[in-house]
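J.: Just dropping this structure here.
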Amino acid sequence: MIEKIIGEDKIYLTLDQAQINRKYRVVSVSAGRGLTERIYEMGLLPNTDIIIISRSGGHVIVLVKGVSVALSRGIAKKIFVEELRTTEAVRSP
């Protein structure tokens, strides 16, 4: 089942559904306080641009601010993202 949130004429996917080698922007995190803080400490804050590097063995690997971060699929399901259009550049740190 694909989870999507629709808002302001945009469709948001969970991070585990994002396609490899595409650019996304973190929209929100839907988790408890402790996990949300942990996700933020990894650099995955709202409005942060990321690139999905790979998915393997139940993990999603993303490039955030020049650093590769591996997330379990369970955690990735709690992070909502929107795909950036090709005209939007990923913001550098």
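J.: Taking I79, is it surrounded by 14 or more Cβ atoms within 10 Å (Cβ to Cβ), in contact with a Leu (Cβ under 9 Å, 6 or more places away or on another chain), at pLDDT 95 or above and under 14 Å from N21 (Cα atoms)?
T.: So I79 does not fit the description; no.
J.: Those residues that are among the basic types (K, R), at negative phi and outside any helix (DSSP H, G or I), I need them from segment 18-71; list them, please. Steps first, please.
T.: Going residue by residue through segment 18-71, those that are among the basic types (K, R) are 22-23, 25, 33, 38, 55, 65.
Within this subset, residues satisfying the condition of being at negative phi are 22-23, 25, 33, 38, 55.
Within segment 18-71, R22, K23, R25, R55 meet the criteria.
J.: Also, quick follow-up: Looking only at segment 40-66, which residues are out of contact with any strand residue (DSSP E or B) (no Cβ under 6 Å at 6 or more places or on another chain) and among the small types (G, A, S)?
T.: Pass one, segment 40-66, residues out of contact with any strand residue (DSSP E or B) (no Cβ under 6 Å at 6 or more places or on another chain): 40-41, 45, 47, 55-58, 65-66.
Hits for segment 40-66 are S56, G57, G58, G66.
J.: Restricting the search to segment 31-53, which residues are among the small types (G, A, S) and either exposed (fewer than 14 other Cβ atoms within 10 Å of the Cβ) or in contact with a Cys (Cβ under 8 Å, 6 or more places away or on another chain) (or both)?
T.: Quick first cut of segment 31-53, residues among the small types (G, A, S) only: 31-32, 34, 43.
Across segment 31-53, the qualifying residues are G32, G34.
The values are calculated or read from the model by the stated rules, or taken from the named source; none is laboratory data. It should be emphasised that the depicted structure is a prediction, and the values quoted were computed from it without experimental measurement. When we count neighbours, we look across all protein chains shown, and the Cβ atoms used for this are built from the backbone with ideal geometry, even at glycine.
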